[in-house]
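Here the structure comes first, spelled out in structure tokens, and everything after it is commentary.
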Amino acid sequence: MEGTSVSLICSAAAPCPSLPPTLTWTPTLSDSVEDSQETPNQVITSILNFTASHVHHGEKISCTASYKRQAGKSDKSSKTYLTVTVLYSPKNTSVSVSPSSSVVEGSSVSLTCSSNANPAVGRYNWYRVNGEQVTTVGARRMLSVQVPADDSYFYCEASNDHGTENSSVIQLDGMYPPKNTSVSVSPSSSVVEGSSVTLTCSSNANPAVKSYNWYRVNGEQVAPVKSTRVLTVQVSPDNTQFYCEARNDHGLQKSAVFQLVVEGSSLTLTCSSNANPAVKTYNWYRVNESKMVPMESRSQSLVLQDISESGLFCCEAQNSYGKEMASIFVYLHHCPSTPTVIFRVYRYIRLSRGLKSVDDTYATLEISNVTSTYEVIQRKEHGSRGAQRETSGSDM
């Protein structure tokens, strides 16, 4: 048993007291070796003392007796062997991942728990770590898991009759294409016509976004502008529209279109949805400190007169089979000469199952002011997750 004190004794005949044999241990295992000679019995003895460790298990130890003979005669030797058996609890417990720990989200990987023990490991347990929570997820040597988008942490436990040992925690790093791609503007106030604003493209991706590209939208024409994360543009009265595209090795995503609009214009938000049966009710909300505050309008359109502050507006379309939501964020810029409104359209917020439709289910927001009409459709295939399609009309 590991930790036990062990003494190995090696004896050899010593028929010639004047030339006793030399006893040698291989390997020595420790510095504690005791030699003694028993003259009456003509025997020489050597004792090797050590503390048993798992590293000694299976070790082949030899004791060699070397005899020196009289001049003219060659020396002789005799050797004996012993294989050490040590019982010990699991050691060097570890986790291997196949394929590697960095894989595309949604794919499956196999985790294998390995440990050195005698007797062999009798029980394996798997645990998942989420913050301070530890959950048991399996009780076999191999565990198959689906890699999520967020980081996941696992470790295994190996046990036999002599003890238990845990592996170190391993991280499964889910790789995914850009998500939540959006545009922010700086400065966010006091912008006058002809001055410059800075547009910044942001996106969540793993590995990190490899390239950013900007595009200018003019009617139905879309032209590349620059390959950079930050774009500086001049504020002009022509309602020029921009959007950015984020890309890594696993895919790309485009932001919503970003447009400058004159402050004080009346914006008309129109909510549209394709459903069967047709949409029964429309509801409008304004988000205030993360709370959905209902608005008075219950019609398909919402008119915003003389906008004086920024805000996130949401429309909800509902029939007897479910509901779906779309949203838009209106940014307001104050300036003494030519006030402007800056707005950005966000992806719709999915609250429940999509509306039942013969074809597809989607919600739209149509935004109108005195100089232009702008429509954004966020589209998601019914019954599938993650599949989105963006379509823009009117000024696009």
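If you wrap the tightest convex hull around every Cα atom of segment 50-184 and split its volume per residue, you get 210 Å³. As a calculated quantity, the FRET efficiency between Thr4 and Ser107 at R0 = 56 Å, using C-beta atoms, amounts to about 0.70. 7 Å from Cα along Cα→Cβ at both Ser301 and Ser227: what's the point-to-point distance in nm? So the two model labels end up 4.4 nm from each other.
Listed cross-link partners Lys60/Lys91; Lys210/Lys323; Lys179/Lys323 are compared with a 31 Å cut-off, the Cα-Cα value being larger for Lys210/Lys323.
Extension gain for the segment Ser32 to Thr45, taken as residue separation times 0.36 nm less the Cα-Cα distance, is 3.3 nm to one decimal. Between the C-alpha center of segment 200-244 and that of segment 109-169 there is a gap of 46 Å.
Laboratory data are not the source of any read-out in this text; all were calculated from the coordinates shown. On a predicted model such as this, the values are computed, not experimentally measured, just so you know. FYI the Cβ positions are ideal-geometry reconstructions off the backbone, even for glycines, and counts take in every protein chain you see.
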